[in-house]
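The values are calculated or read from the model by the stated rules, or taken from the named source; none is laboratory data. Fair warning: this is a prediction, and the values are worked out from it, not measured in the lab. Glycine gets a Cβ as well: all are built from the backbone with ideal geometry, and neighbour counts include every protein chain shown.
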Amino acid sequence: MTTATINLANSSSSLAPVWAKNANINYVDSTGLKMRYLKIGRGEPLILIHTLRTQLDYFSKIIPELAKHYSVYALDLPGHGYSDITNQAHDKPLFVHHVTEFIKALNLNNVTLCGESVGGSISLGIASQAKVSIKRVIALNPADYVNSNGLDRSSVLGKILFTGIRIPFLGWIISNAEKRDVLQQVLEGGFENNSNLPANLVDEFSQVGNRKGYSKAFRSIFLNWKSWPEGQKEYSNIKVPVTFVYSEHDWSATSERLNNKELIKGAIVVTIKNCGHFSSLERPEEVVNAILQSEA
């Protein structure tokens with residue numbers, strides 16, 4: 001496995017964002033799939049894993065503060081951001097595998113994993129396999145739902161899209177017809193206060209969604225959604241400390257939150273008040289505090 005630092009002067013997609021001017025943007029080869037990541041800060045490694053349909057910029061509000069305490073690695077998942085898009089099924093095992101290989105490729109040890117939504121579920125999946133050196137897991141609103149992917153609970157529009165995108169032919173049309181305004185409305189379903197969703201972030205997500213093959217990869221996640229609840233069966237194998245951070249108004253049901261806690265011995269649950277599903281954007285200070293307090 002190899003890492004390759006790209007030429008920032010010739011690749012606008014790889015320029016360090018304005019919120020992380022001192023960061024390095026690189027690519028790593030994860031068993032043949034090139035993954036983009038940002039690195040900033042000093043200290044033990046902290047890996048941030050974003051939500052469905054976003055990318056490493058999702059954590060723009062928490063990375064600057066976390067970089068004062070950790071070597072922060074924020075990555076673009078396969079089929080997201082500017083990482084490679086594969087024709088393989090985009091199921092949970094695919095993401096768990098490539099993030100695990102990402103950790104191996106960078107030779108990281110004693111890692112703190114922190115993911116939001118599907119990123120939280122991926123973090124738990126990695127810890128359950130114990131193939132790399134993990135110190136602890138902070139799962140922010142993990143997407144471990146029963147008969148749902150969460151999006152169908154976000155809004156009426158989200159439910160329509162979740163249902164329609166899985167229908168043969170019609171689903172292909174829907175996944176290829178995404179517009180910026182539609183994306184914004186869907187994302188707003190995960191906020192208590194829509195003003196916490198930065199317009200420039202929606203612009204970036206929308207632009208990236210125009211990459212060739214992106215919509216196909218996005219649809220593949222919905223077609224393989226049953227792999228996510230299936231992955232919960234392995235959570236009882238986790239031996240490292242786990243902190244669940246749930247928003248008061250997350251899409252998950254109370255029973256789903258309790259089930260996750262019961263699967264992992266000694267797991268701690270923290271609740272962020274007055275917050276929707278996208279906690280790292282809506283309540284960044286509380287998320288940072290939850291991460292730092294997990295060290296205690």
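Quick notes
- Test: residue in region 190-199 that is surrounded by 16 or more Cβ atoms within 10 Å (Cβ to Cβ), in a helix (DSSP H, G or I), among the aromatic types (Phe, Trp, Tyr) and at pLDDT 80 or above: no
- One residue stands out among those in region 111-160 that are hydrophobic (A, V, I, L, M, F, W, C) and assigned to a loop (DSSP other than H, G, I, E, B): the one that is modelled with the lowest pLDDT, which is 146.
- Inclusion of residue 202 among residues that are within 25 Å of residue 86 (Cα to Cα) and in contact with a Phe, Trp or Tyr (Cβ under 9 Å, 6 or more places away or on another chain) is not warranted.
- For region 221-233, the criterion of being over 15 Å from residue 145 (Cα atoms), without any contact (Cβ under 8 Å) to a residue 60 or more places away in the chain and surrounded by fewer than 19 Cβ atoms within 10 Å (Cβ to Cβ) is met by no residue.
- Selection status of residue 102, aromatic (Phe, Trp, Tyr), out of contact with any strand residue (DSSP E or B) (no Cβ under 8 Å at 6 or more places or on another chain), part of a helix (DSSP H, G or I) and more than 24 Å from residue 286 (Cβ to Cβ): no
- Matching helices (runs of 4 or more DSSP H) fully within region 219-282 where at least 1 residues are at pLDDT 95 or above and closer than 21 Å to residue 92 by Cβ: 254-263, 279-282
- Candidates 286, 234, 295, 248 - the one that is closer than 20 Å to residue 112 by Cα and either basic (Lys, Arg) or in contact with a Cys (Cβ under 8 Å, 6 or more places away or on another chain) (or both): 286
- Residues within region 251-296 that are among the polar types (S, T, N, Q), surrounded by fewer than 22 Cβ atoms within 10 Å (Cβ to Cβ) and over 28 Å from residue 195 (Cβ atoms), tallied: 3
- Meets criteria (within 13 Å of the chain's Cα centre (by Cα) and crowded, with 20+ Cβ neighbours inside 10 Å) for residue 138: yes
- The number of residues in region 77-99 being hydroxyl-bearing (Ser, Thr, Tyr) and free of Cβ contacts under 8 Å to residues at least 60 places away in the same chain comes to 1.
- Where a residue in region 279-296 is within 16 Å of residue 58 (Cα to Cα) and polar (S, T, N, Q) and its partner, wherever it lies, is surrounded by fewer than 21 Cβ atoms within 10 Å (Cβ to Cβ) and at pLDDT 95 or above, with Cβ under 8 Å and at least six apart: 279/286; 280/61
- The set of residues in region 55-85 being surrounded by fewer than 24 Cβ atoms within 10 Å (Cβ to Cβ), closer than 17 Å to residue 202 by Cβ and of a type in the set (Gly, Ala, Ser) consists of 60 alone.
- Tallying residues that are out of contact with any Gly (no Cβ under 9 Å at 6 or more places or on another chain), surrounded by 14 or more Cβ atoms within 10 Å (Cβ to Cβ) and assigned to a helix (DSSP H, G or I) within region 206-218 yields 1.
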